[in-house]
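See below for the structure under consideration.
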Amino acid sequence: MRKTKIAVLVSGGGTNLQALIDAQGSTLVSGEIALVVSNNAGAYALERAKKAGIETAVVLKKELGSQEAFEAKLKEILTEHGIEVIILAGFMTILTESFTACYPKRILNVHPSLIPSFCGAGFYGLRVHQAALDYGVKVTGATVHFVNEIPDGGEIIAQKAVEVLPGDTPEVLQRRVMEQAEWILLPQAAETVCAQLNKQTN
Ligand code: GAR
């Protein structure tokens, strides 16, 4: 069976990358992770990729000098590897339109809230959960969406709600949202998108 070639872009711990790796062969059958790219050389996600035998690359904006050069390098690496679908899994840098426009409906992102709440520029990682707690919402969740030029503004693919409980800290809430939503939704959404692309290609 044809498998869509996926690149996962990461910056940190990589638990969502791990969920994708673990889903290969079960939930995720229409695509395979061919490459993991990080914008942070120290990201633990890179270790997870290496343990799973997946090729890795590091692209540093600081070394390249500009956003333009960073995105050009990223594109070059993705093209070299024949990447068809890009998954942002805790990738903590915003990509501009000159990058996103090259991959319409081919970039997915997982965001740790129910978009349109607590999203957009400045809302990432624990900050999202802190904002949800500060607001006092009783339900939060995760969203997987296509990426376009608007931060967290692309078409929604899947969402799942998660309860906020009394006494939650950002860390406790983050973990619950990951366990109950992100790690389930992301592999499922990746499968849906890859299966659809394979159908179009056949
Ligand atoms: C995840 O909660 C992900 O949804 C979030 O960062 C965390 C990364 O964890 N992403 C964003 O906030 C993007 N706006 P991980 O490295 O363990 O997958």
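The values are calculated or read from the model by the stated rules, or taken from the named source; none is laboratory data. Values in this document were obtained by computation on a predicted structure and should not be read as measured data. Every residue, glycine as well, gets a Cβ built from its backbone with ideal geometry; the counts of neighbours run over all protein chains shown.
From the list ASN202, ASN109, ASN198, ASN148, which one is more than 10 Å from the ligand (Cβ to nearest atom) and within 18 Å of LEU9 (Cβ to Cβ)? Break it down into steps so the answer makes sense when it comes.
Working: ASN202 fails: within 18 Å of LEU9 (Cβ to Cβ); ASN109 fails: more than 10 Å from the ligand (Cβ to nearest atom); ASN198 fails: within 18 Å of LEU9 (Cβ to Cβ).
Exactly one residue qualifies, and that residue is ASN148.
Counting only residues that are within 16 Å of the ligand (Cβ to nearest atom) and assigned to a strand (DSSP E or B), how many does the stretch 59-104 have?
Residues flagged as within 16 Å of the ligand (Cβ to nearest atom) and assigned to a strand (DSSP E or B) within the stretch 59-104 amount to 3.
Is it the case that some residue within the stretch 115-126 is in a helix (DSSP H, G or I), on the phi < 0 side of the Ramachandran plot and surrounded by 17 or more Cβ atoms within 10 Å (Cβ to Cβ)? Give the derivation first.
Taking the stretch 115-126 and keeping what is in a helix (DSSP H, G or I), we get 126.
Pick out the ones that are also on the phi < 0 side of the Ramachandran plot and you get 126.
Still in the running and surrounded by 17 or more Cβ atoms within 10 Å (Cβ to Cβ): none.
No; the residues of the stretch 115-126 include none that is in a helix (DSSP H, G or I), on the phi < 0 side of the Ramachandran plot and surrounded by 17 or more Cβ atoms within 10 Å (Cβ to Cβ).
With (1) surrounded by 14 or more Cβ atoms within 10 Å (Cβ to Cβ); (2) in contact with a strand residue (DSSP E or B) (Cβ under 6 Å, 6 or more places away or on another chain); (3) of a type outside the set (A, V, I, L, M) as the list, and GLU155 as the residue in question, which single condition is left unmet?
The failed condition is (1).
Could you check ALA49 against (1) in contact with an Asp or Glu (Cβ under 8 Å, 6 or more places away or on another chain); (2) among the hydrophobic types (A, V, I, L, M, F, W, C); (3) surrounded by fewer than 16 Cβ atoms within 10 Å (Cβ to Cβ) and say which number it fails?
ALA49 satisfies all of (1) in contact with an Asp or Glu (Cβ under 8 Å, 6 or more places away or on another chain); (2) among the hydrophobic types (A, V, I, L, M, F, W, C); (3) surrounded by fewer than 16 Cβ atoms within 10 Å (Cβ to Cβ) except (3).
Any residue at all in the stretch 153-161 that's β-branched (Val, Ile, Thr), over 28 Å from TYR103 (Cβ atoms) and outside any loop (DSSP other than H, G, I, E, B)?
If we filter the stretch 153-161 for residues that are β-branched (Val, Ile, Thr), which is where we start, we get 156-157.
Checking which are over 28 Å from TYR103 (Cβ atoms) leaves us with none.
Scanning the stretch 153-161, I find no residue that is β-branched (Val, Ile, Thr), over 28 Å from TYR103 (Cβ atoms) and outside any loop (DSSP other than H, G, I, E, B), so the answer is no.
Looking for whichever is within 14 Å of the ligand (Cβ to nearest atom) and either closer than 29 Å to THR201 by Cβ or without any contact (Cβ under 8 Å) to a residue 40 or more places away in the chain (or both) here; the options are SER11, SER38. Which one fits? If you could, list the steps in order and put the result at the bottom.
Details: SER11 fails: either closer than 29 Å to THR201 by Cβ or without any contact (Cβ under 8 Å) to a residue 40 or more places away in the chain (or both).
Of SER11, SER38, the one residue that is within 14 Å of the ligand (Cβ to nearest atom) and either closer than 29 Å to THR201 by Cβ or without any contact (Cβ under 8 Å) to a residue 40 or more places away in the chain (or both) is SER38.
The rows are residues; the columns are (1) surrounded by fewer than 22 Cβ atoms within 10 Å (Cβ to Cβ); (2) assigned to a helix (DSSP H, G or I).
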position	(1), (2)
VAL8	no, no
LEU20	no, yes
VAL37	no, no
ALA41	yes, no
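Can you say whether THR56 is crowded, with 21+ Cβ neighbours inside 10 Å, modelled with pLDDT of 95 or more, within 26 Å of PRO151 (Cα to Cα) and of a type in the set (Ser, Thr, Tyr), as far as the supplied structure shows?
Against the criterion (crowded, with 21+ Cβ neighbours inside 10 Å, modelled with pLDDT of 95 or more, within 26 Å of PRO151 (Cα to Cα) and of a type in the set (Ser, Thr, Tyr)), THR56 does not qualify.
In the stretch 129-152, which residue that is surrounded by 16 or more Cβ atoms within 10 Å (Cβ to Cβ) and hydroxyl-bearing (Ser, Thr, Tyr) is nearest to LEU20 (Cα to Cα)?
Within the stretch 129-152, the match that is nearest to LEU20 (Cα to Cα) is THR143.
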